[in-house]
Structure formats: structure tokens, C-alpha cells
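Since the structure comes first, as C-alpha cells, the remarks are kept for the end.
FYI, it's all coordinate maths here, none of it is from the lab. Source: prediction; values computed, not measured. Because the Cβ atoms are built from the backbone with ideal geometry, glycine has one as well, and the counts that use them run over all protein chains shown.
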Amino acid sequence: MDYSIVMSKKFIDKEWSCGETYESLEWFDITILKPTQEELDSLWEEIKLDDIRVKRDELLKESDFRALPDYSSEHKEAWIQYRQELRDFPSIWVEGMEFPIKPE
């Protein structure tokens, strides 16, 4: 986990400083308690999934024209399948899993 990413994305309005471990996370904010390791782990997973969705959305946008009714190609069905795999990807993604491969 990259604590600095979690903290800067999820606790931007709080006072803290951190290093590379939970123990090095110093919490100065008095409005809420220091997040637990488990809470930070969960937020890290959310951030990774958000990043996956952003990348997926870019790939869908790049291939939008291939789903139009007037797009003709012998590979149109492969593109339709690829786009469905992209839409499904965040719900099946696990650490280390690669994005679906674009058709030729």
C-alpha cells in the first residue's frame, strides 16, 4: 500500500504526515480519529478499483466508434465482445489481472 496516496486522496482536508508504514503515520487532526490499518487497506482497494474504472473508461471511449450501427468490419463481433469484457472488468478484477486484449 502507498500510504501517501491513500492519505492525499481520502484525507486531503485533514492534518497528517506519513512515511511508508502505518506506524509512521502521524495524525494531527482533532475532528476524527486516526484511521485504522483496516480502514486504510479498504480505502487502498477503493482507490485501485477507481483507477481500474478510469482506465476501463478510456479504453471504452477509444473503441466507441466500433460499436456504432454503421461501423462495418469483419471483426465487429470481436469488438462488441471486447467492449462487454471491459464493462465487466471492474467486477471481476483481482490484483495482477490484465485488461482484456483489443481485437486486431
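Treating each Cα of the chain as an identical point scatterer and summing with the Debye formula, the log10 of I(q)/I(0) at q = 0.12, 0.17, 0.20 Å⁻¹ comes to -0.56, -0.80, -0.96.
Loop-located chymotrypsin sites (Phe, Trp or Tyr not before Pro) in segment 54-104 (DSSP state other than H, G, I, E, B) with a sparse environment of at most 15 neighbouring Cβ atoms within 10 Å: Tyr71. Its relative contact order, with pairs defined as Cα atoms under 8 Å and 6+ residues apart, puts the chain at 19 percent. Placing unit charges on each Cβ (+1 for Lys and Arg, -1 for Asp and Glu) gives segment 3-92 a dipole about its Cα centre, and among Ser42, Gln81, Phe65 the Cα reaching farthest toward its positive end belongs to Phe65. The ranking of Lys34, Lys9 by Cβ neighbour count inside 10 Å, starting from the fewest, reads Lys9, Lys34. Note that segment 97-104 has calculated 3J(HN,Hα) couplings of 6, 8, 5, x, 8, 5, x, 6 Hz, one per residue in order, obtained from phi through the Karplus relation 6.51 cos²θ - 1.76 cosθ + 1.60 (θ = phi - 60°); glycine and proline are x. Label sites at Glu77 and Asp41, each approximated as a point 7 angstrom past Cα along Cα to Cβ, lie 4.5 nm apart. This ranking places Met97, Met7 by how few other beta-carbon atoms lie within 10 Å of each, fewest first, which gives Met97, Met7.
The mean sequence separation of alpha-carbon pairs under 8 Å and at least six residues apart, normalised by the residue count of segment 44-99, gives a relative contact order of 38 percent. Just give me a number: lysine pairs in the chain, eight or more positions apart or cross-chain, with C-alpha atoms less than 30 Å apart. Taking the Cα cut-off of 30 Å, the pair count is 19. Under a model in which nothing but the beta-carbon of Lys, Arg (+1) and Asp, Glu (-1) is charged, the chain shows a dipole of about 400 debye around its Cα centre.
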